[in-house]
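The values are calculated or read from the model by the stated rules, or taken from the named source; none is laboratory data. All of these numbers come straight from a predicted model, not from anything done at the bench. Note: ideal-geometry Cβ built from the backbone for every residue, glycine included; neighbour counts use all protein chains shown.
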């Protein structure tokens, strides 16, 4: 009987002294991270006396949209670093990034899904439409 009572007391003391798991405040939504790389496809202008285009991957503005199917709302923005990488925090959900596909072409719709606090990655290609004189 004494052993059983002592065991219960130890279990109760252990339960009371353990710290509860941290909880998120009510109304605060967890955010994930969208990170990626932007590759700008460009070439040399057709005029031979004009210098070649610089790589436009650095400083490119990435605009992330959320959509309800009727209207698009900007959910976040990021500017690429010198190496073309970017990162933006977003709540869970489905998002879209539109990138140019070249002259006369519809923009490419790039879809990404953010799940909880995880990181999602995407590689974007931006076509400026500039081609060299030698290009077919």
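Inside the stretch 75-85, residues that are more than 15 Å from residue 126 (Cβ to Cβ) and within 13 Å of the chain's Cα centre (by Cα) make up a count of 3.
Scan the stretch 108-123 residue by residue and report those that are over 13 Å from the mean Cα position of the chain (by Cα) and surrounded by 14 or more Cβ atoms within 10 Å (Cβ to Cβ). If the condition is that a residue be over 13 Å from the mean Cα position of the chain (by Cα) and surrounded by 14 or more Cβ atoms within 10 Å (Cβ to Cβ), then 108 is the only one that fits. Residues that are in contact with a strand residue (DSSP E or B) (Cβ under 8 Å, 6 or more places away or on another chain) and in a loop (DSSP other than H, G, I, E, B) within the stretch 97-131 comprise 100, 102, 105, 107, 115, 116, 117, 118, 128, listed in sequence order.
Touching a residue at least 12 places away in the same chain (Cβ under 8 Å) and within 13 Å of the chain's Cα centre (by Cα): is that true of residue 99 in this structure? No: the conditions fail for residue 99. Considered as a group, the residues in the stretch 85-107 that are farther than 20 Å from residue 39 by Cβ and modelled with pLDDT of 85 or more include one that is surrounded by the fewest Cβ atoms within 10 Å (Cβ to Cβ), and that residue is 94.
Here is the figure for the stretch 70-96: residues that are touching a residue at least 12 places away in the same chain (Cβ under 8 Å) and either farther than 22 Å from residue 40 by Cβ or assigned to a strand (DSSP E or B) (or both) total 18. Once the stretch 45-56 is narrowed to residues that are under 24 Å from residue 79 (Cα atoms) and either under 16 Å from the mean Cα position of the chain (by Cα) or surrounded by fewer than 17 Cβ atoms within 10 Å (Cβ to Cβ) (or both), the residue that is modelled with the highest pLDDT is 55.
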